[in-house]
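Here, each number is a calculation from the coordinates, and none is a lab measurement. Quick caveat, the model's predicted, so the values are computed rather than measured. Counting neighbours? That spans all protein chains shown, and the Cβs are built from the backbone with ideal geometry, glycine included.
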Amino acid sequence: MSPTIIVLALTAIVAILAAGAGMALRAGYQYGREQNKAHYEELLLAEKETNERKLLEVQNQQRDALREARDETARFRATIERENAERRTELQRQERRNQQKDEALDRKIDALEQRERKLTAMERRLEQAQEEVENLRLMQLSEIERVAQLSVEQAKELLLARIEDQVRTEAAQRVRLIEEQAREEADSRAREIITLAIQRCASDQVAEAVVSVVPLPNDEMKGRIIGREGRNIRALEAATGVDLIIDDTPEAVILSGFDPVRREVARLALTKLILDGRIHPARIEEVVAKARQEVDAVVREAGEQAAMEANVHGLQPELLKIIGRLHFRTSYGQNVLAHSVEVSILAATMAHELGADVNVCKTAALLHDMGKAIDQEVEGPHAIIGGEIARRFGKSPKIIHAMVAHHATESEPQSLEAAIVQAADAISAARP
C-alpha cells in the first residue's frame with residue numbers, strides 16, 4: 001500500500017474520531033447543563049419554601065402580638081373604667097358629705113337667726129319697760145307733789161326708793177329668766193356638740209392583752225428554750241429585760257414585764273427562735289437585736305399613722321416614736337394610742353364648734369397620754385411627764401397646759417382649749 005493511501009486513511013480516522021469527540025462533548029455539556037438547571041430549580045424551590053415558612057412565622061407572630069396588644073388594651077380599658085367608676089363613687093360620697101355639711105350649716109344659721117330675733121324682741125320689751133318706768137316715775141312725782149305737798153327733794157327720794165324697789169324686783173325676775181334660758185340653751189348646745197363629736201368619731205377600741213403568750217409547737221420546745229443549765233432562758237431574759245414563765249401551761253410560754261415594748265420584742269424574738277430551731281445564747285442576741293429593730297419600725301409607723309389619722313402635722317420624728325410606743329400600752333381596757341387618736345378627733349370637732357383653737361386642741365389631745373409611754377422609766381404622774389416631754393420638743397405653753405390639765409388633779413383648766421381636751425378625754429374614756 002502506498003504511503004499516500006495510508007495518510008489519507010489516517011486522516012479519515014482522525015476526522016471520524018474528532019467528530020465523535022465533538023459529539024460526545026456536546027452531549028456531555030448538554031447533560032451537565034440540564035443537571036445544573038435541575039439543581040438550581042431545587043434550590044429555588046427550597047428557598048421559596050423557606051421564605052414561605054418564615055413569612056408564615058412572621059404572620060403568626062404578628063397575629064400573636066396583635067392579639068396580645070388587643071388583650072392588653074382591653075385590660076387597660078377595664079382598669080381605666082374601674083378607676084373612673086371608683087372616682088365617680090368617691091365624688092358622689094364627697095358630694096353627699098358636702099350636702100350634709102351644707103344642711104348642718106343652714107340649720108346653724110337658722111338657729112342663730114332665731115336667737116337674734118329673740119334677742120331683738122327682748123330688747124324691745126326692755127325698752128318698753130324702761131319707758132313705762134319713766135312714765136310711772138313722772139306720774140308718781142306729780143301725784144306726790146300734789147297730795148303730800150312734799151318738797152322736791154323729799155318727793156324725789158321717796159319716788160326713787162319706790163322705783164328702785166320696783167326695778168330691782170323686775171330686774172331680779174328678768175335675770176332669773178335669762179339665767180334659766182341660758183342654762184337650758186347651754187345644756188342643749190353642749191349635748192349637741194358632744195353628740196356631733198361622737199358621731200364624727202367612730203373609732204374602734206381594741207383591748208390588748210396585759211401579758212404576752214407565745215404558743216409552742218410542742219412541750220419539748222420548753223426544754224430547748226430553757227437550755228443546758230438554764231443558759232438560754234437567762235440569755236433571753238438578759239437581752240430583753242422580760243421574765244419568761246415556763247410552767248405547766250401546755251404548749252405555751254408566758255412573757256411577763258412592765259414595759260409592753262420590751263414584752264413585744266421578747267415575743268417576736270422568741271417566735272423567730274422557735275421557727276428557726278437554732279436556740280443558743282449567740283443566736284438569741286442576734287435575733288433579739290433584729291426583733292428590736294422591727295419593733296422600732298412598728299413603733300415609728302404607728303406614731304406616723306396616728307398623727308395622720310388625727311390630722312396633726314409638724315411633729316418631730318422622735319416625738320412620733322414616743323407616741324408610737326403607746327400602741328403597745330393599754331389603760332382600763334383601751335389601747336392608749338387608739339384612745340389618744342379618738343380624743344384628738346373629738347377635741348378638734350368640739351373646738352371647731354366652740355370657736356376654740358383647733359390646732360392646739362387636736363395636738364394637745366393626741367399628746368395628752370404621751371407620758372404613759374415612759375412612765376415605767378420616769379417617776380411622776382403621766383400628765384406631768386408628758387408636759388415635760390412636750391416642753392423639751394418646743395411645744396407652745398397653751399398645748400402643754402392643755403396636756404397637763406386633762407386630769408384636774410394635776411392642774412385646773414385655765415383655757416377653753418384645756419377644758420375641751422379634758423372633756424374629750426372623759427368622753428373617750430367612758431366609751432366601751
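Need the full-extension length gain, T79 to I254, defined as separation in residues times 0.36 nm minus the C-alpha distance. One decimal, nm.
Separation in residues times 0.36 nm, less the Cα-Cα distance, equals 58.1 nm.
Using a Förster radius of 60 Å, what is the FRET efficiency between D296 and Q61 based on their Cβ-Cβ separation? Nearest 0.05, please.
0.65
Can you pull out the GluC sites (Glu not before Pro) in the stretch 332-429 whose DSSP state is coil and whose Cβ has at most 14 other Cβ atoms within 10 Å?
Here the GluC sites (Glu not before Pro) that fit, given the DSSP loop and packing criteria, are E377, E379.
Pairwise over distinct Cα atoms, reciprocal of the mean inverse distance: report the Kirkwood radius of the stretch 309-432 in Å, one decimal place.
13.9
Using the C-alpha gyration tensor of the stretch 209-432, what are the square roots of 5 times its eigenvalues, in whole angstrom, with the largest one first?
That gives 40, 16, 14 Å for the three semi-axes.
How far apart, in nm, are two points set 7 Å out from the Cα along the Cα-to-Cβ line at Q414 and at R125?
Going from the Q414 label point to the R125 one covers 4.1 nm.
Gain in length, E353 to K37, computed as 0.36 nm per residue apart minus the alpha-carbon separation, to one decimal in nm?
103.5 nm
In what sequence do S340, S256, S415 fall when counting other Cβ within 10 Å, fewest first?
In increasing order of surrounding Cβ atoms, one gets S256, S415, S340.
Kirkwood hydrodynamic radius (Cα pairs, Å) of the stretch 249-367?
Answer for the stretch 249-367: a Kirkwood hydrodynamic radius of 16.1 Å.
If only Cα atoms are counted, what is the Rg of the stretch 233-308, and what is its Dmax, in Å?
Just the Cα atoms of the stretch 233-308 yield Rg and Dmax of 13.4, 44 Å.
So, with +1 on the Cβ of K and R and -1 on the Cβ of D and E, and no other charges, what is the size of the charge dipole of the stretch 209-432 about its Cα centre, to the nearest 20 debye?
Approximately 520 debye in magnitude.
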